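**Q** Take this structure, written in structure tokens, and hold onto it; I'll ask about it next.
The values are calculated or read from the model by the stated rules, or taken from the named source; none is laboratory data. What you are looking at is a predicted structure, and each value in this text was computed from that prediction instead of being measured. Cβ atoms come from the backbone with ideal geometry, glycine included; neighbour counts cover every protein chain shown. Accessible surface is based on the protein model in full, side chains and every heavy atom, while ligands, DNA and RNA are left aside. Shrake-Rupley method; radii C 1.70, N 1.55, O 1.52, S 1.80 Å.
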Amino acid sequence: MLAPNETVTVKKSAAGYAIVTQDRMAGWRLVPDSFTEDRSYALVRAAGIDRARVLPAVQEEQELCAPGRRPSARRVVLVDWAFLETARATGEKWYAVRTKPGAQAMARQLPDPLPHRRGETIIERNLREAGIDVYMPAFWREQRAHRSRKLRERRFPLLVGYVFIRRDPSRGFAAVRDVDGVLDVVTNGRAPADLNEEDIQFLMMEMFHRHQDYRLHRQHKIETARFKRRQNLHGELGRLLPRGRSRTVSLRSHADACIEMLPDRVRERVLGIMSALDAIEDDKVLDEYREAV
């Protein structure tokens with residue numbers, strides 16, 4: 001609702017999809033922060049929400065102006081509710097697609113990838129660019145580079161050689177088979193074999209929970225390495241600095257206070273330790289001090 005004399009200016013708009021779910025009071029409601037320009041990602045998220053549907057939507061960045069007030073910005077998602085009846089009667093089903101060798105390798109990262117396209121594989125990118133909804137069950141793992149010894153996150157397919165697509169069979173599958181990396185659509189002898197919706201949703205939720213466990217485990221490893229590294233650096237710093245620090249004075253403040261009184265060689269080492277303490281706030285710096293997940 002707009003206040004009297006308040007005007008709205010649309011600064012930017014983007015077409016995409018939003019997730020809606022049934023509400024006892026309002027009938028249907030928009031799921032917060034569910035807007036995305038990628039329909040496949042919306043379908044994956046909707047699989048974990050009871051009685052959810054994916055509808056076309058437009059997200060607008062608006063500027064509100066009123067006399068005597070500073071302009072304020074807001075983001076509004078406009079859902080195409082008229083599409084709700086069509087969505088109920090959709091003929092889309094899930095199908096399995098066999099992929100060519102190497103098609104499930106991670107593609108070159110986009111300049112500014114959306115969160116759900118991080119770690120995207122070649123076959124996923126090719127299908128999405130062809131306008132085909134795709135889902136590939138996958139898991140993350142860290143690998144240590146031989147030369148730099150840095151840890152790199154890699155995404156691997158759970159089912160090697162297969163991905164799933166969501167498609168209306170009345171549209172045919174010629175466009176799917178023409179996508180680079182597609183070997184064929186799995187059939188039951190004559191026609192493409194559709195899959196059970198509940199099985200795909202179960203698989204999506206299992207992969208989601210597995211990814212959450214991976215993120216939690218990885219963050220635990222990082223924080224443990226940060227704690228141990230900080231303790232070691234503090235211990236070394238304490239041995240280099242002169243005694244007499246009060247309990248109310250931090251080790252860092254004590255170092256700052258007496259840095260000029262230290263011999264050149266000790267001062268250089270103390271400055272190096274202080275620099276290392278600042279650097280451990282960066283997760284990547286801790287790669288060499290922890291195990292791969």
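**Q** Using only DSSP helix segments of four residues or longer, with each worth -39500 (n - 2.57), what per-residue ellipticity at 222 nm results for the chain after dividing by its residue count and rounding to 500? Could you put the intermediate results ahead of the total?
**A** Numbers: 7 runs with 93 residues, N = 293.
Helix-only estimate at 222 nm: -10000 deg cm²/dmol.
**Q** While we're on this one: Under 13 Å from the Cα of LYS221, which aspartates and glutamates turn up, not counting those fewer than eight places away in the same chain?
**A** Within reach: GLU142, ASP213, ASP283, ASP287, GLU288, GLU291.
**Q** For THR248, tell me the accessible area in Å² from a 1.4 Å probe, rounded to the nearest 10.
**A** In the full protein context, THR248 sits at about 130 Å².
**Q** Could you work out the mean projected area of the convex hull around the alpha carbons of the chain, in square nanometres to one decimal? Spell out each step's value before the answer.
**A** On the way: hull surface 100.8 nm².
Quarter of the Cα hull surface area: 25.2 nm².
**Q** Let me ask you something else. Check ASP133: other-chain or 5+ apart residues with amide H under 5 Å from its amide H, H built from backbone geometry?
**A** Here ARG166 satisfy the definition.
**Q** Who wins for biggest fluctuation among LEU251, LEU159, LEU55 in a Gaussian network model of the chain, springs between alpha carbons below 10 Å?
**A** Its mean-square fluctuation being the largest, the pick is LEU251.
**Q** Ignoring ligands, DNA and RNA, what percent of the accessible area of the chain is carbon or sulfur (1.4 Å)?
**A** Details: 9150 of 18940 Å².
Roughly 48 percent, rounded to a whole number.
**Q** Moving on. Explain nothing, just compute: Karplus ³J(HN,Hα) = 6.51 cos²θ - 1.76 cosθ + 1.60, θ = phi - 60°, for every residue of segment 44-58 in order, whole Hz, x for Gly and Pro.
**A** Coupling constants for segment 44-58: 5, 5, 5, 4, x, 10, 4, 6, 9, 9, 9, 10, x, 7, 10 Hz.
**Q** Only Cα pairs within less than 10 Å get springs; with that Gaussian network setup on the chain, which residue of ILE19, ILE49, ILE123 has the largest fluctuation?
**A** ILE49
**Q** Can I ask one more? Under 5 Å between amide H atoms, partner at least 5 residues away or on a different chain: which partners does LYS150 have, H built in plane at 1.01 Å?
**A** ALA145
**Q** Moving to a separate point now. Which whole-number percent is the relative contact order of the chain (Cα, under 8 Å, 6+ apart)? Numbers along the way, then the final one.
**A** Values: 419 pairs, mean separation 45.5, N = 293.
This gives 16 percent for the chain.
**Q** Accessible area per residue, 1.4 Å probe, Å², for the chain: what's the number?
**A** Numbers: 18940 Å² over 293 residues.
Dividing the accessible area of the chain by its residue count gives 65 Å².
**Q** Pick from ARG53, ARG252, ARG167 the residue whose mean-square fluctuation is largest in a GNM of the chain, springs joining Cα atoms under 10 Å.
**A** Maximum among the listed residues: ARG252.
**Q** Note down the nm distance, to one decimal, between modelled labels 7 Å out along Cα→Cβ at ARG171 and at THR9.
**A** For ARG171 paired with THR9, the spin-label model returns 3.9 nm.
**Q** Step through the residues of segment 188-197 one at a time and calculate ³J(HN,Hα) from phi using the Karplus curve (6.51 cos²θ - 1.76 cosθ + 1.60, θ = phi - 60°), rounding each to whole Hz and writing x for Gly and Pro.
**A** For segment 188-197, the Karplus-derived couplings read 9, x, 10, 10, x, 8, 7, 10, 6, 4 Hz, x marking Gly and Pro.
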